[in-house]
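Report on the structure given below.
The values are calculated or read from the model by the stated rules, or taken from the named source; none is laboratory data. The model shown is predicted, which means the values in this text are computed figures rather than measured ones. Cβ atoms come from the backbone with ideal geometry, glycine included; neighbour counts cover every protein chain shown. In case anyone asks, the SASA skips ligands and DNA or RNA and just uses the protein heavy atoms, side chains included. Shrake-Rupley method; radii C 1.70, N 1.55, O 1.52, S 1.80 Å.
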Amino acid sequence: MNKSLPIFYAEINSDDEGIFAISLVDYPATQRNFVCFNEDKEVQLFAIQNEEERVVSGVVMTANTPIYRRDKKGFEYYIVYKPETIKLMAEKLLKDNAQNQVDLMHNGNVIGSVNLVELFIKDSSKGINPSYMEDVPDGSLMATYKVRDEEIWKAIKSGELNGFSLAGLFSIEKEDSEEKDLQEILSQLKKLRKIK
């Protein structure tokens, strides 16, 4: 993590803010790839044992984890989604019926053959802690989608598509440098580096 870059927090402050769509992408900003399952629900990392299942799970947004961003003008920064913002994102996604607004690489063309099976927020205190993503921080938004499109399924199997990325509109607030928050963010960044 480049400590000289500013840290901003994503917020939802109005009705027009939140997630509009979920994209299947080659390189997810969360640095978390899909997990695919066979029919017994055993984790199959980068291998599919049951062609009929066609289910992928992954992280939509990781809580308290700095995500590097660079805008069109070249301004570099980190964006962080707090658990309370992620909860609002999930609630609004479902309220707006946007859970099946899925496209490829943020192209804006909704795919009707990729549909939500489950959406949940990881919460170890409530026992919501999937074994396939134990190292993901509590408060992270997770999703499972059924893929009925043959070409998209081939792209997932081949590694062309590796994870989820959200499309949305958020307010941002500059990090207030509270030591506790900053230490948690730095800890999550170290974990991501170990995964690579």
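Can you give me the number of residues within the stretch 52-73 that are of a type outside the set (S, T, N, Q) and open to solvent by less than 30 Å² (accessible area, probe 1.4 Å)? I'd like the intermediate steps shown before the answer.
To start, the set of residues in the stretch 52-73 that are of a type outside the set (S, T, N, Q) comprises 52-56, 58-61, 63, 66-73.
Within this subset, residues satisfying the condition of being open to solvent by less than 30 Å² (accessible area, probe 1.4 Å) are 55-56, 58-61, 63, 66-67.
Adding up the residues that qualify gives 9.
If only residues of the stretch 100-155 that are open to solvent by 40 Å² or more (accessible area, probe 1.4 Å), part of a strand (DSSP E or B) and of a type in the set (A, V, I, L, M) are counted, the one that is nearest to residue 66 (Cα to Cα) is 121.
State which residue is farthest from residue 117 (Cα to Cα) when the search covers only the stretch 156-173 and only residues that are touching a residue at least 40 places away in the same chain (Cβ under 8 Å) and assigned to a helix (DSSP H, G or I).
So in the stretch 156-173, the residues touching a residue at least 40 places away in the same chain (Cβ under 8 Å) come out as 156-157, 159-173.
If we keep only those that are assigned to a helix (DSSP H, G or I) as well, we get 156-157.
On the way: 156: 17, 157: 19 Å.
The qualifying residue farthest from residue 117 (Cα to Cα) is 157.
Out of curiosity, is residue 80 at pLDDT below 90, part of a strand (DSSP E or B) and within 15 Å of the chain's Cα centre (by Cα)? Spelling it out, it is not the case that residue 80 is at pLDDT below 90, part of a strand (DSSP E or B) and within 15 Å of the chain's Cα centre (by Cα).
Considering (1) in contact with a strand residue (DSSP E or B) (Cβ under 8 Å, 6 or more places away or on another chain); (2) open to solvent by 20 Å² or more (accessible area, probe 1.4 Å); (3) at pLDDT 70 or above; (4) not hydrophobic (A, V, I, L, M, F, W, C), the lone condition that residue 33 does not fulfil carries the number (3).
If only one of 12, 48 is modelled with pLDDT of 85 or more and in contact with a helix residue (DSSP H, G or I) (Cβ under 7 Å, 6 or more places away or on another chain), which one is it?
Values: 48 fails: modelled with pLDDT of 85 or more.
Testing whether each residue is modelled with pLDDT of 85 or more and in contact with a helix residue (DSSP H, G or I) (Cβ under 7 Å, 6 or more places away or on another chain) leaves just 12.
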